[in-house]
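**Student:** So that we are looking at the same thing, I have put the structure below in structure tokens.
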Amino acid sequence: MRRTVVGVMGGCAVPPATLEHAHELGRLIAAEGWVLLNGGRPTGVMDASARGAREAGGLTVGVLFDDDQAAASEHLDIVIPTGMGAGRNIINVLGSDAIVACRGNGGTLSEVAMALRFGKRVVLLDFDPGRQFLDLCGDGRWSLAATPVEAVAQVKTWLARPKD
């Protein structure tokens with residue numbers, strides 16, 4: 001049976017609380033037996049979530065912005081260099097069964113918008129870009145979570161629903 005892939009999106013330069021959330025989120029994703037997929041960078045949400053998942057024995061996948069595997073987080077099991085720049089965001093989105101978006105900037109917002117556009121379920125962890133933006137992108141396929149535990153519970157709920 002194919003394993004569930006949860007994409008974790010978020011910024012490179014974020015507050016310490018966001019890094020703590022990302023680390024805990026990675027740990028919880030691994031505890032569920034899900035694969036963690038992210039942008040693979042050795043900074044911010046990407047590094048913290050991969051570290052959390054790896055420490056909990058989970059499988060981690062990074063889809064890189066550039067074509068240099070050496071530019072990846074050391075906490076990744078599988079590194080996919082793309083050389084596509086921000087175009088790799090579409091791979092992150094389409095390769096995930098659900099998305100958890102942590103605090104970030106333009107790149108994170110583009111991933112949220114694409115995920116909603118392509119019908120992916122999106123949980124926003126301590127990150128709210130605004131109802132108007134979210135509804136324009138995805139018509140109710142999103143939810144807000146205050147903690148990593150809450151985010152994982154929401155992903156579980158989304159995954160249990162029939163795909164519409």
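**Student:** List every DSSP H helix in the chain whose Cα atoms extend 24 Å or more along the helix's own long axis and whose mean Kyte-Doolittle hydropathy is at least 1.0.
**Tutor:** None pass (Cα extent of 24 Å or more, hydropathy at least 1.0).
**Student:** Next question, about the same structure. Once you have the Cα-Cα distance between Ala86 and Phe133, take 0.36 nm times their residue separation minus that, and quote the gain in nm to one decimal.
**Tutor:** Difference between extended and current length: 14.9 nm.
**Student:** Considering amide H positions built from the backbone, and no H for Pro or chain starts, which residues 5 or more places from Phe127, or on another chain, come under 5 Å of its amide H?
**Tutor:** Result for Phe127 returns Ala145.
**Student:** Can you give the local net charge around His75? Use residues other than it whose beta-carbon is closer than 12 angstrom to its beta-carbon, Lys and Arg +1, Asp and Glu -1.
**Tutor:** 0
**Student:** Give the order of Lys156, Lys120 when sorted by the count of other beta carbons within 10 angstrom, beginning with the fewest.
**Tutor:** Lys156, Lys120
**Student:** Still on this structure, I have one more. Provide the net charge surrounding Leu109, with neighbours chosen by a C-beta distance below 13 Å and charges set as Lys +1, Arg +1, Asp -1, Glu -1.
**Tutor:** So the surrounding residues net to 0.
**Student:** If you stretched the chain out fully between Met1 and Ala17, how much longer would it get, using 0.36 nm times the residue separation minus the C-alpha to C-alpha distance?
**Tutor:** Extending this stretch completely gives an extra 2.2 nm.
**Student:** Taking the Cα centre of the chain as origin and charging only Cβ (+1 Lys, Arg; -1 Asp, Glu), how large is the dipole, in debye to the nearest 20?
**Tutor:** 480
**Student:** Determine the calculated [θ] at 222 nm for the chain from helices alone, applying -39500 (n - 2.57) to every DSSP H run no shorter than 4 residues and normalising by the residue count; nearest 500 deg cm²/dmol.
**Tutor:** Here the helix-only value at 222 nm equals -12500 deg cm²/dmol.
**Student:** Then there is this: Between [x] 145; [y] 97; [z] 122, which matches volume of the Cα convex hull per residue in Å³ calculated for the structure shown?
**Tutor:** It is the one labelled [y].
**Student:** Let me ask you something else. Let me check against my output: what whole-number percent is the relative contact order of the chain, with C-alpha pairs under 8 Å and at least 6 apart?
**Tutor:** Relative contact order here is 22 percent.
**Student:** Rounded, prolate or oblate, given the Cα gyration tensor of region 1-85, with a/c below 1.5 counting as rounded?
**Tutor:** Judged from the Cα gyration tensor, region 1-85 comes out oblate (a/c at least 1.5, b/c at or above a/b).
We did not get these values from a lab; they are worked out from the coordinates using the rules stated. Everything quoted here is computed from the prediction, not taken from an experiment. Note that we place each Cβ from the backbone using ideal geometry, even for glycine, and neighbour counts take in every protein chain shown.
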